[in-house]
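Written out below as structure tokens is the structure these notes cover.
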Amino acid sequence: MASLPRLLTLSAAAAGGAVLATQALKAHRAQQVREVRSHEDRRRPRVLLAGGGYIGLYAALNVRKQLGRDDVELVVVDTNPYMTYQPFLPEAAAGSIEPRHVVTSLRHELRNTTVLTGTITGINHADRTATVDSGSGESYELSYDELVVGLGSVARTLPIPGLAEFGIGFKYIEEAIALRNQVLGKLAEAASTWDAERRRRMLTFVFVGGGFAGIEALGEVEDMARAATKDYDSINPEDLRFVLVEGMHRILPEVGEELGGYALEQLRERGVEIDLGTFLESCVDGHIKLSDGQEFESDTVVWTAGVKPNPVLQDTDLPLDERGRVRANAFLQVVDDEGTVVHNAWAAGDCAAVPDLSGTKTPDGMCAPTAQHSVRQGRHLGRNLVRVMRGDSPQEYVHANVGTVASLGLYKGVAQIAGQKFRGPVAWFMHRSYHVFAMPTMERRVRILTDWTTAVFFRRELVPLGALQNPRAAWERAAGRHTSDRDPATALTKPGGVAVGGDSAE
């Protein structure tokens with residue numbers, strides 16, 4: 001029989017061995033867990049959202065509502081780190097809304113999502129890779145498992161002499177700000193010149209395109225400019241000349257002939273010259289030539305004559321239709337010419353040809369390129385993507401257009417809701433109400449409502465900040481003056497030299 005001390009020693013050794021065995025087992029299990037997690041991370045599907053506009057933002061938001069970061073990796077690639085709500089661009093240009101409130105930060109809103117700032121320059125879906133240009137000279141390839149194409153559209157320009165050099169678009173928030181500064185800046189310049197011809201040129205503003213973008217931009221900016229003349233003793237509202245050039249024989253075809261005619265009458269009563277069935281032939285150096293024979297001078301040409309799918313789609317292996325849009329079915333899946341689904345590829349928005357199943361009569365049977373469709377398609381695509389990843393069947397996108405609304409300036413507008421037509425302040429209120437609730441995130445809605453509430457008690461800001469387009473101009477002038485001060489040979493000839501300037505920098 002073993003002694004008590006020996007039994008205690010054996011017991012302790014056994015206990016120690018058990019502890020060591022337990023620790024070894026735990027370590028082994030932990031290693032297995034790490035390997036499994038590492039394997040899961042490698043096999044976690046990556047969804048590439050090409051474009052951070054309506055489609056990219058809303059699709060990502062709806063995926064994240066149902067799937068966490070451990071379930072799927074989301075990567076959004078866009079040239080800008082924000083989404084622009086384009087229906088509010090006219091009000092941003094007119095100063096009714098703070099421009100920063102019209103955009104939504106992708107990084108702030110898309111939690112647990114990778115946002116890359118860059119331009120997609122090509123897509124090879126066969127290899128599941130996309131080429132991204134970072135904008136700093138670096139280009140790299142990004143692999144993916146699922147592709148969501150939401151690259152949107154760009155301005156549809158024409159080879160009109162002078163247009164590329166002299167015109168300005170109206171599709172991005174930067175362009176809205178630039179147009180606002182351009183118009184208010186020209187008023188300030190015109191009030192400071194004695195040259196009658198230069199003054200007329202500065203106070204002439206040309207808008208090309210009579211669709212939603214053109215009419216709303218014209219209506220809001222014209223309303224703002226005439227209000228701004230109250231601050232000038234030498235400029236009257238009738239001194240301003242606004243010209244609309246439209247190739248069709250009507251404006252706002254989206255709201256119907258009756259409301260389009262009403263908008264036409266309202267703008268003409270406000271002094272806007274509307275040339276229907278007319279085309280811009282040239283605008284070289286601000287010399288405007290129209291197809292009806294008119295010729296005049298203008299410092300401002302705004303181009304809003306339509307959009308086209310993002311041209312980068314031509315550098316992909318995705319099936320495109322005759323207009324350059326990605327072919328898609330009603331489930332928002334990419335399909336080839338025969339209607340066969342291209343696996344792991346989705347498309348929606350302005351760059352996609354999505355069948356309109358609502359019964360709305362469109363020229364090609366596809367959904368119109370509107371913000372209303374894009375917002376809803378983005379949400380629907382996100383839900384369908386989750387369904388497919390879970391092994392369920394996707395659902396068709398069907399959305400009957402609830403109506404159309406358009407602003408013609410402060411307290412002015414037209415609207416057609418559920419077959420009913422509205423005009424004036426009621427339509428303007430409907431326009432604001434619809435779009436503020438369609439604006440993504442509660443924060444942005446509150447900020448916009450605050451802007452509007454403040455405008456009830458105070459006038460909108462009408463100060464031009466044209467230097468924003470060239471913020472280094474003052475610095476360059478100062479640097480040039482500093483150089484001329486040290487060079488007596490050029491001091492009499494260079495603007496800013498001591499001989500012709502005022503105070504010295506030294």
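Assorted remarks:
- Test: residue in region 245-259 that is in a helix (DSSP H, G or I) and buried (at least 20 other Cβ atoms within 10 Å of the Cβ): yes
- The lone criterion from (1) touching a helix residue (DSSP H, G or I) at 6+ places or on another chain (Cβ under 9 Å); (2) at pLDDT 90 or above left unmet by Leu48 is number (1).
- Total residues in region 230-255, condition aromatic (Phe, Trp, Tyr) and over 15 Å from Val301 (Cβ atoms): 1
- Close contacts from region 137-159, counting a first residue that is of a type in the set (Asp, Glu) and a second that is open to solvent by less than 80 Å² (accessible area, probe 1.4 Å), with Cβ to Cβ under 6 Å and a gap of 6+ residues or different chains, come to Glu141/Thr129; Glu141/Thr131; Asp145/Pro45; Asp145/Arg46; Glu146/Val47; Glu146/Asn344.
- The criterion of at least 1 residues that are among the β-branched types (Val, Ile, Thr) is met, among strands (runs of 3 or more DSSP E) falling completely within region 134-238, by 146-149, 153-155, 204-208.
- Within region 462-493, if we keep just the residues that are open to solvent by less than 50 Å² (accessible area, probe 1.4 Å) and part of a loop (DSSP other than H, G, I, E, B), the residue that is modelled with the highest pLDDT turns out to be Leu462.
- Of the residues Val183, Val154, Val76, Val148, the single one that is aliphatic (A, V, I, L, M) and open to solvent by 30 Å² or more (accessible area, probe 1.4 Å) is Val154.
- Test result for Val115, in contact (Cβ under 8 Å) with a residue 60 or more places away in the chain, crowded, with 21+ Cβ neighbours inside 10 Å and either over 14 Å from Asp78 (Cα atoms) or touching a Cys at 6+ places or on another chain (Cβ under 7 Å) (or both): no
Yes/no matrix, rows are residues, columns are (1) more than 25 Å from Asn384 (Cβ to Cβ); (2) of a type in the set (A, V, I, L, M, F, W, C):
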site	(1), (2)
Ala59	no, yes
Lys65	no, no
Val77	no, yes
Tyr82	yes, no
Glu91	yes, no
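- Qualifying residue in region 163-173 (condition: touching a Phe, Trp or Tyr at 6+ places or on another chain (Cβ under 9 Å), aromatic (Phe, Trp, Tyr) and either farther than 24 Å from Val284 by Cα or open to solvent by 10 Å² or more (accessible area, probe 1.4 Å) (or both)): yes
- Test for Gly219: is it over 20 Å from Leu465 (Cα atoms) and of a type outside the set (A, V, I, L, M, F, W, C): yes
- Pairs, first more than 23 Å from Ala213 (Cβ to Cβ) in region 389-412, second open to solvent by 20 Å² or more (accessible area, probe 1.4 Å) and modelled with pLDDT under 90, C-beta under 6 Å, six or more apart: Val398/Ser358; Ala400/Ser358
The values are calculated or read from the model by the stated rules, or taken from the named source; none is laboratory data. All figures in this text were calculated on a predicted structure; none of them were measured in a lab. Here the Cβ is made from the backbone with ideal geometry for all residues, glycine too, and neighbour counts use every protein chain on show. Just the protein is used for accessible areas: all its heavy atoms, side chains included, with ligands, DNA and RNA removed. Shrake-Rupley method; radii C 1.70, N 1.55, O 1.52, S 1.80 Å.
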